[in-house]
Amino acid sequence: MQLKFKKAKQNQPIAPAIAHETASWLEEKRAAYLYLILSDTESGTTRQLLFLELANAADEQAALWGQEIRKLGALVPNAYAPDQRTRFVGWLVRKLGPRAMRPILAAMKVRGMSLYTGSLPGHRTPVALSDVEKRQRHIGGGNLRAVVFGVNDGLVSNVSLILGVAGATGDAHIIVLTGTAGLLAGAFSMASGEFISVRSRREMLEYQIALEKAELAQYPQEEAAELALILEAKGLAKREARQLADKIIADPDQALDTLAREELGLNPDELGSPVGAALLALISFAVGGLIPLIPYLFNNNYHLPGVIGLTGLALFAVGAALSLFTGRHALLGGIRMLAIGGAAGGASYLIGSALGVTLSLV
């Protein structure tokens, strides 16, 4: 969308000076467009009114940005025409629903997405200022979970590879070479994928939080009004929601944290380090992938039984550890993981045996 500029005085460039205001105006109008679509998809629910009010609030914010643009000597279009990306996202929202599109909508600065996060830790609706302070001091325990899942991925994938090759050939040197290659390839693949994932999420969070910080500094009352609407939609009485929103906005640090969580459904505590996440993924996967290789490294005559026995114990231990996060009984978790890993390894061995016979006949 192009903005029309008045003739610059003394040949001074105007466009760079209003780049921020123009982008902010477009973002608010885009948000208002998507709010109306969200309201339609939530027809008949309490969220329908919330998104209608947020659409009106976004239009009011856009009007404020429009005033700033005019002060700088530019003309604001009379109507907003959404671009192809916004239209496509709107179409997906209608087809898939707001919950499935929550991450994309949050990235496009659509507020109220915390309504679709369920009761995840760190997203409980605050009912008092003390709730906000406690939540800001909360430290997530995602690293331990990532380690357990990384070990599990390395264990299952590499034991399947080793058993598949063992089914095709009894040459221990080939099996060790293949298992080592699988361990390294898998570890570096997991590390690079984790780096890209965490880095992309961090950039998105930093961008959105920076926008919220700028708007909070410039329009604190408007931000308080939008936060009150969301708190009200999540169960607080209208008067209580407004009072709490005003108290939160009064403290810039608490306000920014709460706005990120309650308006955008983002968790500032999840920024994380891309390098740290990559190293964690690499090491945990490598540890899991090394376990089925250990019997071959000792050069005994019971390679395959050793692989099955050691891997079985590791699978059971991983399943029991995962029960800490799923809430299931440790014994059942261990048996389930043992069954899943055993099925994967057994199928790989049978396929490898069939391929080995086929290749020997060729």
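For this structure, a couple of remarks:
- Single condition G170 does not satisfy, out of (1) in a helix (DSSP H, G or I); (2) open to solvent by 30 Å² or more (accessible area, probe 1.4 Å): (1)
- Among the criteria (1) of a type outside the set (D, E, K, R); (2) farther than 17 Å from G345 by Cα; (3) modelled with pLDDT of 80 or more, the one G154 does not fulfil is (2).
- Residue pairs whose Cβ atoms lie under 6 Å apart, separated by 6 or more positions or on different chains, with the first residue in segment 176-200 and more than 25 Å from I294 (Cβ to Cβ) and the second outside any helix (DSSP H, G or I), are V198/G272.
- Here D257 meets the list (1) open to solvent by 80 Å² or more (accessible area, probe 1.4 Å); (2) touching a Lys or Arg at 6+ places or on another chain (Cβ under 9 Å); (3) among the acidic types (D, E) almost entirely, failing just condition (1).
- Pairs, first farther than 14 Å from E222 by Cα in segment 237-259, second among the β-branched types (V, I, T), C-beta under 6 Å, six or more apart: Q254/V132; Q254/I248; T258/V132; T258/I248
- Pairs linking a residue in segment 40-60 that is in a loop (DSSP other than H, G, I, E, B) to a residue that is open to solvent by less than 80 Å² (accessible area, probe 1.4 Å), with Cβ atoms under 6 Å and 6 or more positions apart or on different chains, are E42/Q48.
- Matching residues in segment 61-77 - criterion: being open to solvent by 50 Å² or more (accessible area, probe 1.4 Å) and either under 24 Å from F88 (Cβ atoms) or not in a helix (DSSP H, G or I) (or both): L72, L75
- Any hit, segment 19-30, residues being at pLDDT below 85, open to solvent by 50 Å² or more (accessible area, probe 1.4 Å) and not β-branched (V, I, T): yes
- Residue match in segment 188-202 (condition: under 30 Å from A23 (Cβ atoms), hydrophobic (A, V, I, L, M, F, W, C) and either open to solvent by less than 60 Å² (accessible area, probe 1.4 Å) or out of contact with any helix residue (DSSP H, G or I) (no Cβ under 9 Å at 6 or more places or on another chain) (or both)): yes
- Test: S192 is over 30 Å from G312 (Cβ atoms) and at pLDDT below 85: no
- Across segment 38-68, the number of residues qualifying as over 25 Å from L231 (Cα atoms) and either within 25 Å of the chain's Cα centre (by Cα) or at pLDDT 85 or above (or both) comes to 2.
The values are calculated or read from the model by the stated rules, or taken from the named source; none is laboratory data. The shown structure was predicted, so the numbers you read here are calculated from the model rather than taken from an experiment. Cβ coordinates were reconstructed from backbone atoms using ideal geometry, including for glycine residues, and neighbour counts include every protein chain displayed. When the accessible area is computed, the model is the full protein with side chains, heavy atoms only, and any ligands, DNA or RNA have been set aside. Shrake-Rupley method; radii C 1.70, N 1.55, O 1.52, S 1.80 Å.
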